[in-house]
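A quick write-up on the structure given underneath.
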Amino acid sequence: MSVALLVFPDFLLVALGWALRHKLGFSREFFAGAERLVYFVLFPALLFQSILRTPITAGNAVLLLQATASVMAAGVALAWLAGLALRPSSLGLASSAQCGFRFNTYIGLALSASLAGTQGQTVMALIIGFAVPMANVAAVYGLARHSGGNLLRELARNPLVISTLLALACNLAGLQLPGPVDTALARLGAAAIALGIICVGASLAWEGGKGYGSLIAWMLAVKLVALPAVALLVAHLLDLPPLESRMLLLFAALPTASAAYVLAMRMGGDGRMVAVLISLGTLFSAVTIPMWLLAMGHA
């Protein structure tokens, strides 16, 4: 089956979310509650269980950590380079920079399973587990510096950072969950992906971003074009195995996280512009993700 057909079902769920919100009368409050459920309960459960059940050895952990850190560092640097190249307002740059390196974990875990089954999803979970703290530190720092917020407080109450660090600690300590607890987390995690992707579709918005055209184009180019190219280079330089290379490329090609909008609004950023960036990135990624994966297949 072609890559485009493999990723198509998950983008159908994005379209379903948009239709439910904008055409079928489901309210903003309904999806706000669903997003909180996914963000604070369902997705932390999925991330915790996926990382805990992923076999982590010193070798593969260090190699994937190096690769993930390299991609994240490139994304942060390229996003903030817009400040020198475009001279945007400090508010616009602080709000949009996170969209150059943050990633949609729901789409990532769904697509990794479609493309490479359980093995692919476990590799993606490990990459995400390493990347979540990095992305949140960089995103919160940028907005905290602009708004005067407290970086450590924002990180300490982030459910994805907490679940990731806790899962990594339990994994390295060799701990295992009791059967009933593991089953309960598995069921929560199964609900997280579909509901999370539907909420992504419901959050798509096209109004906002006036006066930020060049900045929006810059961040889209960084996230959907430059970062996947960096991932291909990193995978080659580190001589990653084929599965890890493909998952790293998929990770780098993901559209930005819907949580970027929540963070921008909570910390005094330009949420409407971020919403447009998320919406355009999600739409364009339906084309760019298959293109990058096909490019790797023919490389």
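No lab work stands behind these numbers, since they all come straight from the coordinates. Remember, predicted model here, so these are calculated numbers, not experimental data. Here the Cβ is made from the backbone with ideal geometry for all residues, glycine too, and neighbour counts use every protein chain on show.
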Starting from the Cα-Cα distance between residue 119 and residue 29, subtract it from 0.36 nm times their residue separation and give me the gain in nm to one decimal. 28.7 nm
Full extension from residue 77 to residue 19: what is 0.36 nm times the residue separation minus their Cα-Cα distance, to one decimal in nm? 17.3 nm
Viscosity 1.306 mPa s, 10 °C: Kirkwood-radius Stokes-Einstein D of the stretch 3-293 over Cα pairs, µm²/s: 84 µm²/s
For the chain, set up a GNM with springs between Cα atoms under 10 Å and report which of 19, 94, 167 has the largest fluctuation. 19
Loop-only check: which trypsin sites (Lys or Arg not before Pro) in the stretch 1-108 are DSSP coil with at most 10 other Cβ within 10 angstrom? 23
Using 0.36 nm times the number of residues separating residue 41 and residue 172, minus their current alpha carbon distance, what extension gain do you get? 44.8 nm
For the residue 210, residue 182 Cβ pair and Förster radius 45 Å, calculated FRET efficiency rounded to 0.05 is 0.40
Signed unit charges on C-beta, dipole axis of the stretch 3-293, positive-most listed residue 47, 127, 26: 26
Nitroxide proxy distance, nm - points 7 Å out along Cα→Cβ at residue 295 and residue 225: 1.0 nm
Roughly what would the spin-label model give for residue 265 and residue 65, points 7 Å off Cα along C-beta, in nm? 3.6 nm
Mind giving me the FRET efficiency for residue 8 and residue 153? R0 is 41 Å, r the Cβ-Cβ distance, nearest 0.05 is fine. 0.50
